[in-house]
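Worksheet: the structure to be examined is printed underneath.
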Amino acid sequence: MKKKTIITVATTGAWPTKEHNPNIPMTPMEIADDVYKCWKAGAAIAHLHMRDDDGKGTMSVDKFEETIQLIREKCDIIINCTTSGDLKATNETRQIHLKKLQPEMASYDCGSMNWMHNTLFINHPKFLEELGQTMQAYNIKPEIEIFDAGMVYNSFHYLKKGTLKGPLHYQFVLGAAGGSAATVENLVYLKSLIPEEATWSALGIGKGHVPIMLAAVAMGGHLRVGMEDNVYFSPKVLAESNAQLVTRAADIVRIAGNEVATVADAREILTLKNK
Ligand code: ZN
């Protein structure tokens, strides 16, 4: 049987604007249409960020709700909500949407760091404990985002404490300003640290995008693509759409001899409970 590789699409993120790439979806309607096209191209998970009416990152529950409703009218893609969509959000507003909307997955940024060389990305231990409890209470699978090795060790602490429950699912985010560079060596190292039974996915920001994708597939990992991480398709060439990025990822999966995981496959591989 062929190995199944899950493709996550991160359509929007908190930062890029139409000035960076006019094709980035920003409104609930644009995001929902985009997610549907990505689902048709092979994405099984949609990692969602919301923007306010000025295009800034927001944790607005109403925007999440509207977007998820619009997506649900079109397809059953797994919804993965960010918990880090606005650096000014409080510990409380980073979780309200989880309690109200109960998505199948949500991001869990397993530590703090300097961010973009001009600000802080704070995930206080108290917040991570609360967030882990919220996710358990609502059967939401954490996607544990890892920007450097210390965050992997943090995840072991929360696993031991019961704040996180295995099997864990990791997302290695490589190439963020302030985190580990997007090199194959870093990916191999980070992957070597996680438990045997854990599942994992990876993404490279910038010029590491395609090399990290190729390495992740070769190493048995899953993939994340999308304009949250890369507004370019190739050097100096803007992505035409998120679906274009998903289509390339799906091609790579098939070239490697794997199958692109369906939504049902992904639910099984990630042992999701919130169907
Ligand atoms: Zn995100």
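Observations on the model:
- Taking the centroid of alpha carbons for each part, the stretch 69-118 and the stretch 180-238 are 20 Å apart.
- Normalised per residue, the accessible area of the stretch 4-269 is 42 Å², obtained with a 1.4 Å probe and no contribution from ligands, DNA or RNA.
- Each of Thr90, Trp200, Val225 was placed along the dipole of the chain (beta-carbon charges, centred on the mean Cα), and the one lying farthest toward the positive end is Trp200.
- Between the residues Leu190, Ser234, Gly13, the greatest Cα displacement towards the positive end of the dipole of the chain, with unit charges on the Cβ of Lys, Arg, Asp and Glu, is found for Leu190.
- Fraction of alpha-carbon pairs over 24 Å apart in the stretch 7-125 - percent: 23
- Summarising the strand pairing of the chain, around 20 percent of its internal DSSP beta bridges are antiparallel.
- Asp229, Asp76, Asp53, ranked by accessible area, largest first (probe 1.4 Å): Asp53, Asp76, Asp229
- Global geometry of the stretch 20-60, whether rounded, prolate or oblate, following the gyration tensor of its Cα atoms and the 1.5 cut on a/c: prolate
- With DNA, RNA and ligands ignored, accessible area of Ile252 (1.4 Å probe; Å², nearest 10): 20
- Cα-Cα pairs of the stretch 73-170 separated by more than 17 Å (percent): 49
- The Kirkwood hydrodynamic radius of the stretch 129-234, based on inverse pair distances between different Cα atoms, is 14.2 Å.
- Entries of Lys63/Lys99; Lys3/Lys37; Lys99/Lys141; Lys37/Lys63 with Cα pairs more than 22 Å apart: Lys3/Lys37
- Within the stretch 4-269: Cβ-based charge dipole about Cα centre, in debye rounded to nearest 20 (Lys, Arg +1; Asp, Glu -1): 320
- For the stretch 4-269, convex hull of alpha carbons as volume per residue, Å³: 113
The values are calculated or read from the model by the stated rules, or taken from the named source; none is laboratory data. Fair warning: this is a prediction, and the values are worked out from it, not measured in the lab. Note that each Cβ is placed from the backbone with ideal geometry, even for glycine, and that neighbours are counted across all protein chains shown. Heads up: the accessible areas ignore ligands, DNA and RNA and are worked out on the full protein's heavy atoms, side chains in. Shrake-Rupley method; radii C 1.70, N 1.55, O 1.52, S 1.80 Å.
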